[in-house]
Structure formats: structure tokens, C-alpha cells
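In what follows, a single structure is set out as C-alpha cells and then discussed.
Please treat every number below as a calculation from the coordinates, not as lab data. Here the structure is a predicted model, which is why all the values come from computation and not from measurement. Note that each Cβ is placed from the backbone with ideal geometry, even for glycine, and that neighbours are counted across all protein chains shown.
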Amino acid sequence: MNEFEQRLTEVENHFQHNDTDLGYRRLIDCVLDLADKSFYQEIIAYSDIYYNENSSNETKIAKAIQLVEKLKQAPPPPYHTEDILLSTKNVEKAYNRRKFKLHPITFNLKSREVVGLVGENGNGKTTLLRLICGELKPTAGEIDYQFRTAKPFSYELKTKLVYVPQRIEVLYGNLMDNLQFTLTCYGIDSSENKLLAKVMLARLGLWPYKDLEWRQLSSGYKMRFELARTLLRRPKVLLLDEPLANLDILAQQIILEDLRYLSQSMRNPFGVILSSQQLYEVEKVSTEVIFLEQGKLKLQGNKQEEKADFTIIEVDVNNTKEELLTAFSSLDLKEIKFNGGSYIAYFDASISINQIFAAIGNSTLQVKYIRDISKSSRRFFVN
């Protein structure tokens, strides 16, 4: 079974288990990978069914499975390997009139990777993004763009590397006109232009709003539309500065999930670097996390490869600290702190999360929330 067949099988499984929302988005991903106008038309027709209030869930699933069967008959799209897209080598930035300095940062970004820049405001996340996109020049170090063949800061670089600032550009006119204009600027012929614009609106959850003016969208949908507009440019690298700001939790999860899946495209994969203060949400989709504090690298690495010094949990309970201490008395508990409405408990690294759960199960604790933060950058935000 090749990669494309595996992805189609995943789509089938989503629909067969009534996860139609995720199945629909992943189905569109498969259509985009084929880049076939006839399948663009098929998914547009299916989108009308999918968003029709009178369509039953059974009809949506049956029609989706029919389309999957057609996709299976098509030649699979090319699958590009995960190449290194850019490398930063001891990049620094100092300002003449400001005390702030971004200290040396070194990392690689590969195709299909999501690198999360986390940290509080004013710690260098935006500075690093602006250095990478060429808006600022580093004081020391260098940035190597592996996908570029022309000179630094050339037109080629600006089209392959897209930076979306926190304050996105104000647009005028309706959504379709804006997307078609973007496609025209990037040389997409007229026969494909309108079809691809509609497919991308559907993929980013904007199908019901396709006839609206940009100004009529909420903040969350404006960010989704900015992603749609950006992805039509087929970037190699996507830089996002605080894309989750002013969004509710559900909107944050959907955008991050979409970024992870879209970056995995078989035909047009890309790498993502995004900055955010939403540590937990970003860590769930990132292949690597870079935590900045006062311009310095506090943490860098893959959570799966990191060795924890302690087993640390964040827990919210309807109990006192003394009752927590009693519940964990059989374990090697090093310290417990109250922090922002929840407790942070530090155990010896030899204590497993299963042992902690067992101790809670054998106690009278009333747990409202619990999370293992042993390898999460959340542990650095404890007073």
C-alpha cells in the first residue's frame, strides 16, 4: 500500500466512525494532492451536499466513500522527501537603543515539520521570525535557505517563504475575489483559478461564508482566510506570528490541526514556524519546541527525545494541599506548589505517571483536571 492509499484508507476510517468533520478535511487534502480539475469539481459538488442542512449524515458518509473509491483509481501524486528547508546558525540580534538582545539560536527546519516558538511577550519570538523572513538583519550568525537558488532577500525567497504577522493585512471585497486575485498573481490559469479558490475555502472551513465580504468575518475566520490565501501561494516555509491570539480554544485547536495536516501534503509539503503563548496547544502539534526567555534559549528539542529531571504533574482538585500530600505519601514526592489555580507536584523521575494515577485512584481526591508536564515548557511558567 503506497502513501496515498494509506491516506485514503484513513479518510474512509474517519467517515466510517462518524468523524465526518475530520474526514471531510482530510478528503480535501487528498484531492489537493492530486491537483486534478475533475476532482476539484467533485469535491466542490460534495461540499454543497456536506453543508446542506437537509443532507443526512448517512448521505454525507455514502457520498464521501464513493468519492474515495474514485480517488483510488487515480495515479498517486508524487511524494517529496523531508528535506531541510532552512538552518539558523548562532543567529543573534542586538538593538542599539534597546537593552533587549536575542542570544544565539541554532536550529533546522525540515519540510513537513512544525516548530513552535513559545514564551511570553517580549522574549524574542517576533524578532526571530523577522530575522528569518529577512525583515531584520542578524547582528551575528547566518541563516541558510536550502530551497533558494537566487540571491538573499530575492523575489524567489519572498514567494517561497511567507511571513504572516500578528496583525494581518486588511482586505476589501469578497472572499472568492480575493483568492482568485491571489491565484492570478501566481500564474494559475483561469480554468483552474475559480475551482481551486473554492476548494481552498472548503478546506479551511469557509464554504458557508464564501459569498461574504472579508470585513464580515470574525477574527478566527479572518485567520483561516489568511491561511487559505497564503497556502494558495504554495510556500516552502510558513512563518506565523501569534496566529492563535484572540481565538477561542476550539478555533485554536482547528487551526493548529489544519496546519499540521496541510504541511504533510504529498505534492506541496512545507515547514511551519509559529510563535505563541498557548504552550499546551502548540506542543501537541509541534515536532520541535523552542522556548525563549528574555531573548535566551531556555529549552529546545523534541519532547519524545527529552529526558525529564522529574515527573511533574499539574492537577486541579477540590481538596486541600494537605489532602494532596496524604494521597501522594507513598510516592517519592519532592515538592508541591500552588500556581494559578492548580497544584504543580514534583516527583522523583523514577515515579511513573501510572503510579501517580494509581495513588489518586486509591485516594478520596476529587480531581477536576490533571496533566503530565514533565517534558512540557509549561513547567517553566511556575512561580
Quiz item: How big, on average over all directions, is the shadow cast by the Cα convex hull of the stretch 3-72, in nm²?
Solution: 4.0
Self-check item: Net charge contributed by nearby residues that have their C-beta within less than 14 Å of E169 (K/R +1, D/E -1)
Solution: +3
Practice problem: Provide the gained length on full extension for the span M1 to D332, in nm with one decimal, where the gain is 0.36 nm per separating residue minus the Cα-Cα distance. | Solution: 114.3 nm
Quiz prompt | Crossing angle, helix 219-231 versus the chain [Cα axis fit, 0-90 degrees, rounded to tens] | solution = 60
Quiz item: By how many degrees, 0 to 90 and rounded to 10, does the Cα axis of helix 57-72 deviate from the longest principal axis of the chain?
Solution: 70
Self-check item: Whole-Å semi-axes of the stretch 118-301's equivalent ellipsoid (Cα gyration tensor)
Solution: 28, 21, 14
Quiz item: Cα convex hull of the stretch 310-381: how many Å³ per residue?
Solution: 79
Quiz item: On average, how much area does the Cα convex hull of the stretch 1-141 cover when viewed from any direction, in nm²?
Solution: 12.5
Self-check item: Helix 3-16 vs. the chain, principal-axis angle (Cα, 0 to 90°, nearest 10)
Solution: 80
Exercise. Would you mind calculating the gained length between A358 and D83 on full extension (0.36 nm times residue separation, minus the Cα-Cα distance), in nm to one decimal?
Key: 94.6 nm
Self-check item: Cα→Cβ-extended label distance, 7 Å offset, between E53 and Y186, nm
Solution: 3.5
Quiz item: Using helices alone, what [θ] at 222 nm do you get for the chain, with -39,500 (n - 2.57) per DSSP H run of 4 or more residues, divided over all residues and rounded to the nearest 500?
Solution: -12000 deg cm²/dmol
Practice problem: For K210, go through the lysines and keep the ones whose alpha-carbon is under 20 Å away, minus same-chain ones fewer than eight residues off. | Solution: K37, K194, K198, K222
Practice problem: Would you work out which of I360, N339, F328 lies farthest towards the positive end of the dipole of the stretch 310-381, given +1 charges on the beta-carbon of Lys and Arg and -1 on that of Asp and Glu, about the Cα centre? | Solution: N339
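Output the peptides 42-52, 236-246 sorted from most to least packed, where packing is the average of other Cβ atoms within 10 Å over each peptide's residues.
236-246, 42-52
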Self-check item: For the chain: span of alpha carbons on each principal axis (Å, largest first)
Solution: 69, 59, 43
